[in-house]
Amino acid sequence: MKLLSTFLLLVSFSALRLSAVEVPAKVHELAKGELAALASDPVLVAAIQAQNAQGTTLDAIKAADKRWMDTAGVADFMKAIIDSPAGAHVRAWRQKHAYVSEVIVMDNQGANVAITEKTSDYWQGDEKKFTESFKDGGVTFVDKVKFDDSTQTYSVQVSVPVRDAAGACIGVICYGIDIENI
């Protein structure tokens, strides 16, 4: 029991220490460079435009979100997003960037368009990763360092706006950056 208590204390201390860590300057550099570059990729822009054109209502997105969260494992409707051409594209990109723990491509309402693996929910539209990046016509948003349950890493989420040819913000890409691997 004493060994378990000591272990839990060490884990708690490590979590507290990492949560107080400033976001490394390298993350801000990546946000302006490599991460912003993927946000203009024609495959992803086209996938977001296609999903936006469907005109899905927020109620339908919230219903899909509930189904997503109520489904254990990775169901076929989730695999369709992961294995879509845009999903394959971001997975291939991520494999070349070891510091990236996940990539989530979202439409103009924060619904998943492409993901590298199953996310904890389908609708990101009520989360800072979407709201802070999509507001004001699209801005880069770098969150605080946190423990990410879905990827089991200490990471920081970096969100960048995706723009159409006219420069309008049409969606957001969020990257989980593994700070222990950067």
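The values are calculated or read from the model by the stated rules, or taken from the named source; none is laboratory data. From a predicted model like this one, the values you see are computed outputs, not experimental measurements. Neighbour counts run over all protein chains shown; Cβ positions are idealised from the backbone, glycine included.
Side notes on the structure shown:
- Within the set Leu44, Leu58, Leu38, the sole residue that is surrounded by 15 or more Cβ atoms within 10 Å (Cβ to Cβ) and farther than 23 Å from Lys146 by Cβ turns out to be Leu44.
- The set of residues from region 27-45 being in a helix (DSSP H, G or I), more than 18 Å from Gln124 (Cβ to Cβ), touching a residue at least 40 places away in the same chain (Cβ under 8 Å) and small (Gly, Ala, Ser) comprises just one member, Ala36.
To keep it simple, each residue is scored yes or no on (1) more than 11 Å from the chain's Cα centre (by Cα); (2) on the phi < 0 side of the Ramachandran plot.
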residue	(1), (2)
Gly138	yes, no
Val142	yes, yes
Thr153	yes, yes
Val172	no, yes
Asp178	yes, yes
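- Candidates Val100, Val105, filtered to the one that is buried (at least 19 other Cβ atoms within 10 Å of the Cβ) and either of a type in the set (S, T, N, Q) or at pLDDT 95 or above (or both): Val105
- Filtered residues of region 130-179 (kept if outside any loop (DSSP other than H, G, I, E, B), surrounded by 15 or more Cβ atoms within 10 Å (Cβ to Cβ) and of a type in the set (Gly, Ala, Ser)): Ser133, Ser155, Ser159, Gly171, Gly176
- Failed criterion for Lys79 (all others in (1) part of a strand (DSSP E or B); (2) farther than 25 Å from Tyr154 by Cβ hold): (1)
- Pick from region 52-75, criterion small (Gly, Ala, Ser) and in a helix (DSSP H, G or I), ranking: nearest to Glu117 (Cα to Cα): Ala64
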